[in-house]
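Structure, as structure tokens:
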Amino acid sequence: MKIYIKKSTIYVFLYAVLAIIFFFVAGRDALDGLIDFQFYADSLTYEKAYLENSFNSLSEMVSIGNNYLGPLLLLDAVGGSRFLVLMVNISILFWSIKLVGKGKEPARLGFVIFLLFLSPITFFSLISINKEIISMLVMAFMVAWVRRKKLGYVVLCLVCSLFVRWQLTIFVIMVFVTFSPINFLRNRRGWYVIILLLSLSLAYRLMLGYFSGITDIAEIGGMQNEGSGLYTQFIRLQNQGLYFLIFVPKALHAMYGLIFKADHLLSPVDFYNDFVVTLHCVAAFLVFTLVLLKGRLRLKDDLVFIAVIYCAVFVLSPIYAPRYFYPVFFLLCLVLSRPSIVPTPLVMNDDIDTSLPSRHS
């Protein structure tokens, strides 16, 4: 009996083995504070909240500024075991790759994996508790829905988004509404994006009071860090209701601005921010540039359109966090690795299979 194993499965397996080796060689000691090597962002914060049992209800875990729901539920499910967290993260990686490799217009998985592995965030998100790996699964469900048109994937996508950030849940709902028949502009994507940005500009202006605390923290952080102050200016213009005007430059700055600090890669002071996040920005910018040069950055491509909607929602945040845009990197890796340039646009109708995906689908 012959056993056939895809090359992509072997690549991910070897990558997972490297993650396991790293966990035992350095990752575990770094998380314990035995060595000074911070390869993570908020992992210890989630672990501390779990150990101290800081929240009395689910509602307390979710706020405008923070969402502890997903990490705490995962830690509770594995009894706080860091090794089991690693195993769950690896399983999510395998699942995500499997999801994007099915349906119409599948990507070349080997190339997708190569591109994803260019970002150190992909690797280090496997080692400890974090939200980036969950956001990958959310986008994988979204891609599976686009390609296979099963409403069940949207349900799974929505549920997983609740474990990451409230903005991600809003994004999932917006994408579903955007592609639904109730959106009379679903085939006029350029106009839809313009109206969306104008609406978000007005909504943010009217709800500015809810975000004042986050805005103040962001501006203080901007003044404390070396830089041109451009991002702070974007925030101030956004607060005046001009988000639609600064969306494109702010999006590029938010996702790829750290490429101008690439010299930090040679002598990082804060390993996570100066090396992991900066190198991710370099990798993400490379993928974005290749997508642009190959003429694939088109709104009629469903994945590009979804990436734009994601940016419209997340670029609103006054917090400068390039890792929040890891899902955009994930989508553009798929766009770049696809054999054809533009797939058939997604059209929702009454014939769509609304069942949840089976284990064999």
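Here are some notes:
- A simple spin-label model places pseudo-atoms 7 Å from Cα toward Cβ; at residue 32 and residue 267 they are separated by 3.3 nm.
- Contact order, relative form, for segment 7-337: 20 percent (alpha carbon pairs under 8 Å, 6 or more residues apart, mean separation divided by residue count).
- By the beta-carbon count within 10 Å of each Cβ, the least crowded to most crowded order of 61, 87, 139, fewest first, is 87, 61, 139.
- Estimated FRET transfer efficiency (residue 7, residue 184; beta-carbon r; R0 56 Å; 0.05): 0.80
- Note on segment 7-337: along the principal axes its Cα atoms extend 53, 47, 45 Å, ordered by decreasing extent.
- In terms of surrounding Cβ atoms within a 10 Å radius of their Cβ, 34, 74, 230 rank from fewest to most as 34, 230, 74.
- Cβ-Cβ FRET estimate between residue 177 and residue 298, R0 fixed at 22 Å, reported to 0.05: 0.55
- Stretching residue 203 away from residue 76 to a fully extended chain increases their span by 42.1 nm, per 0.36 nm per residue minus the current alpha-carbon distance.
- Panel order for 253, 280, 264, by other beta carbons found within 10 Å of each beta carbon, from fewest to most: 264, 253, 280.
- Model label sites at residue 195 and residue 236, defined 7 Å from Cα along the beta-carbon direction, differ in position by 3.4 nm.
We did not get these values from a lab; they are worked out from the coordinates using the rules stated. For clarity, every value in this text was computed on a predicted model and none was experimentally measured. Cβ coordinates were reconstructed from backbone atoms using ideal geometry, including for glycine residues, and neighbour counts include every protein chain displayed.
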